[in-house]
Amino acid sequence: MPPEAPPTLRDFFAAWELFADPALAGALAGALLGALGVYVVVRRMVFLSAALAQAAGLGVAGAWFAQIHVGVPAGLATPTVGAGLASALAATLMASGEAGLKGRRDGWLGGVYLVGAAGTLAIGTRIVQEVQDIETILFGSAVAVSPDDLRALAWTVGLLGALHLVGLRGFVQVAVDENGARVRGLPVRLLGLLLMGSLALAVSFGTRILGALPVFAFTVLPPLAALRLAPNVGHAVLWATLIGALAGFAGYVAAFLWKLPVGAAQTLTATVLLAMAWVAGKGLQWQHNRSAHRGGHIHGPGCGHVAIRHGDHVDYLDDGQLQHQGGAGHEVHHLHGHVAAAGYDHGHDHDHEGCPTAPQGHVHGPGCGHPRIAHGDHHDYLVGGRLHHQHGDHCDDHGPVDVVE
Amino acid sequence: MTTQTAAPVHDEAPALVSCAALAVGYAGKAMLPPVTLQVRPRQLWAVFGPNGSGKSTVLKTVLGLLPPVAGEFACTASSLGYVPQRSEIDPAIPARVIDMVRAGVERKWSFLDPSWTWKNRAAIDDALGDTHIRALVREPWTHLSEGQKQRVLMAQALAGNPQLLVLDEPTSAMDVHAERAIFALLDDLRRRRDLGVMVVGHNLGVLARFATHALFVDKDQAAVDAGLVRDVVRGSAFVERFGRGVAEHLGASDAT
């Protein structure tokens, strides 16, 4: 009997009717969680989504337990309701207890995560008929999604997407500079609650449909990739939406092609996209530095380098070089005798007289504490607006330069 | 010990901030003796004192980020500009200079108006010009030096056309050259824009040179002193902390 041929993309799309719902669910969840995850990453609370996902998992397991052992009607204790309640409770606890956590938020998030994971596994041993579903919750091995779940997810993505598109600038401001947003009178508290509520809803839906692992992955990996590529946080939200959708869909396809668990395949796909974004980001940075600046530094007022008026413009003294910030980057300018013509007194030995920063006996040289500056065919040292040239055992005054304060 | 010097009226302009026996602190507990002062347009108030002495707490109360513990406080400035400590802004945040400055024009629910930034483009351009960073508008935040970052944050604060500008240790990571340049810029801005300025700093020489008024706070000595720079540096609280020689040197070089 010949070995079975590995599945191909043609096979996947030939069975599109079978795979459409879970693949689209992956894309929708990836897009929503990716977008929201940007705020999670920028606000340095990535563990929040992991904790919420585990809490949602516990809610799903609890709903099954209530159906099987407590006799709660199946229509009341649905897994979706359980996930929503548990994640909402966790989010509310974290939000209301924010002030009382006294800087231990990470620890408390870890506590929620551990209680969620351990509780789900413990309840799983009491509902053996649903053991497959417990694995689905924890690791995201869902291969099928019901049309009702997909419809509910699509509505959630649409509503939350609209909310976050309308309030994009507000959410970004609070994420980047919360105190600044407060001073400017933005409704910081409301925006924080809306973000927390959006996360709880997205995570509970995502965990119910895809599982905790890919949900956590979508809130961290696409945002990291987007933040690497985008020029600002607002653009990163849009980039993360696209990357999350791609990871969700392509991850499902990868799971089909290589017979992998769906959650693991989606997480690994998001990781590959992150690696690609990292490389692309490096390339963009290199190109930016190459085309505009050396070493990423931009000369300008307050840049930290001594500014010197040179003809009709201002140059900056960087590592002994006189550099001009031009449109195409740093241009090296040269200081010649004629520039320092006024007061130029080559060969005059002044022995540092009248110089407040170079006392008698001071010898100019590398590390002497004075800025070195190229001057014609040699280097001088800038002291009090004048060029000092160390010439053997004495110091020549090579004239003044116009240092810009 | 509590020392309190009434701040003399610098000019006839109405006060932007009035504090009368204002107690500041956390959770209803005052950390300093009561503060009485009035900040008016074109005044530059230097807020100084030892580390952990309550300088930032005073500023946060003025900004409305902390509620007053007791006393009277009124802020009549139509708009406030705030330059936070550098540690408050993520150094790795992806943002261009223009993105940071644009954020400064947002007010209350303006983020719901898609054309708000466009409507305020003149204010954004003025802020970029006043802080001399027009050449940097497309540059990433992560590429800027500390001095340039402070200018960007000042431009952000100015973009909202504030009447009162509050800066919390804007020069903490700068060398003396860059620090003087920032204070010279503040001095220029307060005159040209009729700004009231409150700035926290540590370099007494620079503060005394550019400030018109001073607020000295010292939690350990339980001392607060507010008024003209020359009066504050000659006050008993300052002399006790820094010595008479420093007080006389600074008193001779203040901007008032």
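The values are calculated or read from the model by the stated rules, or taken from the named source; none is laboratory data. Worth saying up front: this structure is predicted, and the values here are computed from it rather than measured. Using ideal geometry, Cβ is built from the backbone for each residue, glycine included, and neighbour counts are taken over all protein chains shown.
Scan (1) buried (at least 20 other Cβ atoms within 10 Å of the Cβ); (2) at pLDDT below 85; (3) facing chain A (nearest Cβ under 10 Å) for the single condition B:A208 breaks and write down its number.
Every listed condition holds for B:A208 apart from (3).
Residues are listed down the side, and each one gets a yes or a no for (1) within 30 Å of B:M100 (Cα to Cα); (2) surrounded by fewer than 20 Cβ atoms within 10 Å (Cβ to Cβ):
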| residue | (1), (2) |
| --- | --- |
| A:L229 | yes, yes |
| A:N232 | yes, no |
| A:L242 | yes, yes |
| A:A245 | yes, no |
| A:G248 | no, no |
| A:G251 | no, no |
| A:A254 | no, yes |
| A:L257 | no, yes |
| A:Q266 | no, no |
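Of all residues being more than 14 Å from chain B (Cβ to nearest Cβ) and out of contact with any Leu (no Cβ under 6 Å at 6 or more places or on another chain) in the range A:216-243, which is modelled with the lowest pLDDT? Just the residue, please.
Going through the range A:216-243, the residues more than 14 Å from chain B (Cβ to nearest Cβ) turn out to be A:216-222, A:241-243.
Retained after the next criterion (residues that are out of contact with any Leu (no Cβ under 6 Å at 6 or more places or on another chain)): A:216-217, A:220, A:222, A:241-242.
Numbers: A:F216: 90, A:A217: 93, A:V220: 94, A:P222: 96, A:T241: 97, A:L242: 97.
Once the filter is applied, the top-ranked residue is A:F216.
Suppose we filter A:W286, A:W258 for residues that are out of contact with any Cys (no Cβ under 8 Å at 6 or more places or on another chain) and within 14 Å of chain B (Cβ to nearest Cβ); which single one remains?
On the way: A:W258 fails: within 14 Å of chain B (Cβ to nearest Cβ).
Going through A:W286, A:W258 in turn, just one is out of contact with any Cys (no Cβ under 8 Å at 6 or more places or on another chain) and within 14 Å of chain B (Cβ to nearest Cβ): A:W286.
Counting just the residues of the range B:129-161 that are of a type in the set (S, T, Y) and buried (at least 19 other Cβ atoms within 10 Å of the Cβ), which one comes out farthest from the other protein chains (Cβ to nearest Cβ)?
Residues of the range B:129-161 that are of a type in the set (S, T, Y), as a first pass: B:131, B:142, B:145.
Keeping just the survivors that are buried (at least 19 other Cβ atoms within 10 Å of the Cβ) gives B:131, B:145.
Numbers: B:T131: 8, B:S145: 4 Å.
Once the filter is applied, the top-ranked residue is B:T131.
Kindly indicate which of A:G206, A:G192 is in the same structural domain as A:T267 (by TED's automatic domain parsing) and within 27 Å of B:P140 (Cα to Cα). Spell out the reasoning first.
Details: A:G206 fails: within 27 Å of B:P140 (Cα to Cα).
The unique qualifying residue is A:G192.
Would a scan of the range A:104-116 turn up a residue that is surrounded by 15 or more Cβ atoms within 10 Å (Cβ to Cβ), hydroxyl-bearing (S, T, Y) and either more than 31 Å from the chain's Cα centre (by Cα) or at pLDDT 80 or above (or both)?
Yes - at least one qualifying residue is present in the range A:104-116.
Taking the range B:61-99 as the search range and keeping residues that are in contact with a Lys or Arg (Cβ under 9 Å, 6 or more places away or on another chain) and within 18 Å of B:H143 (Cα to Cα), which one is surrounded by the most Cβ atoms within 10 Å (Cβ to Cβ)?
B:V97
Six or more apart or on different chains, Cβ atoms under 8 Å: show the pairs whose first residue is in the range B:110-124 and away from chain A (no Cβ under 12 Å) and whose second is surrounded by 16 or more Cβ atoms within 10 Å (Cβ to Cβ) and of a type in the set (V, I, T).
Final answer for the pair search is B:N120/B:V105; B:A123/B:V105; B:I124/B:I98; B:I124/B:V101; B:I124/B:V105; B:I124/B:T117.
Only one of A:G34, A:G57, A:G71 is within 24 Å of the chain's Cα centre (by Cα) and not hydrophobic (A, V, I, L, M, F, W, C). Can you tell me which?
Just a single option satisfies the conditions, and that option is A:G34.
If you scan the range A:289-309, which residues turn out to be more than 10 Å from every other protein chain (Cβ to nearest Cβ), modelled with pLDDT of 75 or more and either within 28 Å of the chain's Cα centre (by Cα) or surrounded by 18 or more Cβ atoms within 10 Å (Cβ to Cβ) (or both)? Before the answer, list the steps.
Narrowing the range A:289-309 to residues more than 10 Å from every other protein chain (Cβ to nearest Cβ): A:290-291, A:294, A:308-309.
Filter once more, keeping what is modelled with pLDDT of 75 or more: A:308-309.
The one that is more than 10 Å from every other protein chain (Cβ to nearest Cβ), modelled with pLDDT of 75 or more and either within 28 Å of the chain's Cα centre (by Cα) or surrounded by 18 or more Cβ atoms within 10 Å (Cβ to Cβ) (or both): A:I308.
B:A135 fails exactly one of the following numbered conditions: (1) modelled with pLDDT of 90 or more; (2) small (G, A, S); (3) over 20 Å from the mean Cα position of the chain (by Cα). What is the number of that condition?
Status for B:A135: all satisfied but (1).
I'd like to check something: does the range A:281-299 contain any residue that is touching a strand residue (DSSP E or B) at 6+ places or on another chain (Cβ under 7 Å), more than 30 Å from A:V81 (Cβ to Cβ) and in a helix (DSSP H, G or I)? Steps first, answer last, please.
If we filter the range A:281-299 for residues that are touching a strand residue (DSSP E or B) at 6+ places or on another chain (Cβ under 7 Å), which is where we start, we get A:291-294, A:298-299.
Still in the running and more than 30 Å from A:V81 (Cβ to Cβ): A:291-294, A:298-299.
Applying the additional criterion that residues be in a helix (DSSP H, G or I) yields A:291-292.
The answer is yes; a qualifying residue exists.
Do we find that A:D21 is at pLDDT 85 or above and over 36 Å from the mean Cα position of the chain (by Cα) in this structure?
Details: at pLDDT 85 or above: yes; over 36 Å from the mean Cα position of the chain (by Cα): no.
No; evaluated as a whole, the condition is false for this residue.
Hey, can you tell me all the residues within the range A:42-70 that are under 22 Å from A:A117 (Cα atoms), touching a residue at least 24 places away in the same chain (Cβ under 8 Å), assigned to a helix (DSSP H, G or I) and aliphatic (A, V, I, L, M)?
A:V46, A:L48, A:A50, A:A51, A:L52, A:A53, A:A55, A:A56, A:L58, A:V60, A:A61, A:I68
Condition check ((1) of a type in the set (V, I, T); (2) crowded, with 20+ Cβ neighbours inside 10 Å; (3) at pLDDT 70 or above; (4) in contact with a helix residue (DSSP H, G or I) (Cβ under 9 Å, 6 or more places away or on another chain)) across all residues:
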{"site": "A:L317", "(1), (2), (3), (4)": "no, yes, yes, no"}
{"site": "A:G320", "(1), (2), (3), (4)": "no, no, yes, no"}
{"site": "A:G326", "(1), (2), (3), (4)": "no, no, no, no"}
{"site": "A:G329", "(1), (2), (3), (4)": "no, no, no, yes"}
{"site": "A:V332", "(1), (2), (3), (4)": "yes, no, no, no"}
{"site": "A:L335", "(1), (2), (3), (4)": "no, yes, yes, no"}
{"site": "A:V339", "(1), (2), (3), (4)": "yes, yes, no, no"}
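Which one is surrounded by the fewest Cβ atoms within 10 Å (Cβ to Cβ), of the residues in the range B:39-50 that are touching a Leu at 6+ places or on another chain (Cβ under 8 Å) and not small (G, A, S)?
Quick first cut of the range B:39-50, residues touching a Leu at 6+ places or on another chain (Cβ under 8 Å) only: B:39-42, B:44-48.
Keeping just the survivors that are not small (G, A, S) gives B:39-42, B:44-45, B:47-48.
Values: B:V39: 26, B:R40: 22, B:P41: 19, B:R42: 16, B:L44: 26, B:W45: 27, B:V47: 27, B:F48: 23.
Taking the candidates together, the pick is B:R42.
Scan the range B:102-128 residue by residue and report those that are surrounded by fewer than 16 Cβ atoms within 10 Å (Cβ to Cβ) and of a type in the set (S, T, N, Q).
Answer for the range B:102-128, where residues must be surrounded by fewer than 16 Cβ atoms within 10 Å (Cβ to Cβ) and of a type in the set (S, T, N, Q): just B:S115.
Name the single residue that is surrounded by the most Cβ atoms within 10 Å (Cβ to Cβ) among those in the range B:211-250 being within 18 Å of B:C19 (Cβ to Cβ) and of a type in the set (D, E).
Applying the filter and picking the extreme gives B:D225.
Could you identify the single residue in A:L150, A:L186, A:L195 that is touching a His at 6+ places or on another chain (Cβ under 9 Å) and not β-branched (V, I, T)? So that I can check it myself, show each step before the final result.
Working: A:L150 fails: touching a His at 6+ places or on another chain (Cβ under 9 Å); A:L186 fails: touching a His at 6+ places or on another chain (Cβ under 9 Å).
Result: A:L195 is the single residue among A:L150, A:L186, A:L195 that is touching a His at 6+ places or on another chain (Cβ under 9 Å) and not β-branched (V, I, T).
Looking only at the range B:55-93, which residues are away from chain A (no Cβ under 14 Å) and either within 14 Å of the chain's Cα centre (by Cα) or free of Cβ contacts under 8 Å to residues at least 60 places away in the same chain (or both)?
Of the residues in the range B:55-93, the ones away from chain A (no Cβ under 14 Å) are B:55, B:58, B:68-74, B:76.
If the condition is that a residue be away from chain A (no Cβ under 14 Å) and either within 14 Å of the chain's Cα centre (by Cα) or free of Cβ contacts under 8 Å to residues at least 60 places away in the same chain (or both), then B:K55, B:V58, B:P68, B:V69, B:A70, B:G71, B:E72, B:F73, B:A74 are the ones that fit.
Counting only residues that are more than 10 Å from chain A (Cβ to nearest Cβ) and in contact with a strand residue (DSSP E or B) (Cβ under 6 Å, 6 or more places away or on another chain), which one in the range B:162-178 is nearest to B:V97 (Cα to Cα)?
Checked the range B:162-178; the qualifying residue nearest to B:V97 (Cα to Cα) is B:P170.
With respect to B:T36, determine if the residue is within 16 Å of the chain's Cα centre (by Cα) and either assigned to a strand (DSSP E or B) or more than 15 Å from B:G160 (Cβ to Cβ) (or both).
No; evaluated as a whole, the condition is false for this residue.
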